[in-house]
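We did not get these values from a lab; they are worked out from the coordinates using the rules stated. What you see is a predicted model, and the numbers here were worked out from it, not measured in a lab. Cβ atoms come from the backbone with ideal geometry, glycine included; neighbour counts cover every protein chain shown.
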Amino acid sequence: MVLKATEPFTYDLMEAERKMFHATVATESQFFQVKVFHVSLKEKFIPKKVITISDYYGRNGFLEVYDATCVSDVNADRNMEISSRLIQNANATPKINNLYSQEPGTFVSGIYQVHKKKVLNEHIILYEIQDNTGKMEVLVYGRLTKVNCEEGDKLKLICFELSADPRQLRSVIHSFIKVIKSRKNKKQPLNPDSHMETSL
């Protein structure tokens, strides 16, 4: 069953604008993070829809789907009982203090509040995120620096890699960001070049 999916986004500007989207799916006993590289499949990845994924690659904790024929609909009368606990676990944001004990190279997804923002240059932004357990840096490169995110906003991060030294989250080619604007930042005068919710 599909739990959620992002909108398709361009992840490689050099190669004729390659597109993909992220999704979370579940069986009755476990959930999976999926990278879908055939964006026409977005119409099948609708929350609560039951689908079959027949051919995929498993890599770095993700299922990767490249071919449209790999995903098929299941009979409409097919019911799946997904426990609320499993859905909660699939949507959970890891606590920052737990990230410090994870293996470098682990991929992290979650929603975090931005405490500080530092623009290093036009292609690199360093955010400091925090929760009630600690703080961590997030290094964002390239296309993801175009999002309109300020201190106090929340960042929804998908597929960010945990580095060893320094310990921080770093964007990679398949990373996705969505900005959830804080109430304070929403009250600022409207700017025709800005968006309340931005994702890349």
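Per DSSP H run of at least 4 residues, take -39500 (n - 2.57); add these up for the chain, divide by its residues and hand me the 222 nm value, nearest 500 deg cm²/dmol.
When only DSSP H runs of four or more count, the value is -1500 deg cm²/dmol.
What is the magnitude of the charge dipole of the chain about its Cα centre, with +1 placed on the Cβ of each Lys and Arg, -1 on the Cβ of each Asp and Glu, and no other charges, expressed in debye to the nearest 20?
With Lys and Arg at +1 and Asp and Glu at -1, about 760 debye.
List every residue whose amide H lies under 5 Å from the amide H of ILE51, counting only residues 5 or more places away in sequence or on a different chain, with H placed 1.01 Å from N in the peptide plane.
Close amide H contacts, sequence-distant or interchain: VAL2.
Please identify the trypsin sites (Lys or Arg not before Pro) of region 1-73 that satisfy two criteria: DSSP loop assignment and at most 12 other Cβ atoms within 10 Å. Which are they?
LYS48
Go through [x] 1.29; [y] 1.05; [z] 0.98 and flag the label whose value is the computed Rg/Rh (Cα atoms, Kirkwood Rh) for this structure.
Checking each listed value against the structure points to [z].
Report the one residue of TYR112, THR24, SER84 whose Cα lies farthest in the direction of the positive end of the charge dipole of the chain (charges on C-beta: Lys and Arg +1, Asp and Glu -1; origin at the Cα centre).
It is TYR112, whose Cα lies furthest towards the positive end.
Using the structure shown, select from LYS44/LYS117; LYS117/LYS178; LYS49/LYS181; LYS95/LYS184; LYS19/LYS116 the pairs with a Cα to Cα distance greater than 27 angstrom.
Among LYS44/LYS117; LYS117/LYS178; LYS49/LYS181; LYS95/LYS184; LYS19/LYS116, the Cα-Cα distance tops 27 Å for LYS44/LYS117; LYS49/LYS181; LYS19/LYS116.
For region 103-110, just list the computed ³J(HN,Hα) in residue order, Karplus coefficients 6.51, -1.76 and 1.60, θ = phi - 60°, integers in Hz, with x standing in for Gly and Pro.
Here the 3J(HN,Hα) series is 5, x, x, 5, 9, 10, 10, x Hz.
Please state the relative contact order of the chain as a whole percent: Cα pairs under 8 Å, 6+ residues apart?
In percent, rounded to a whole number, it is 15.
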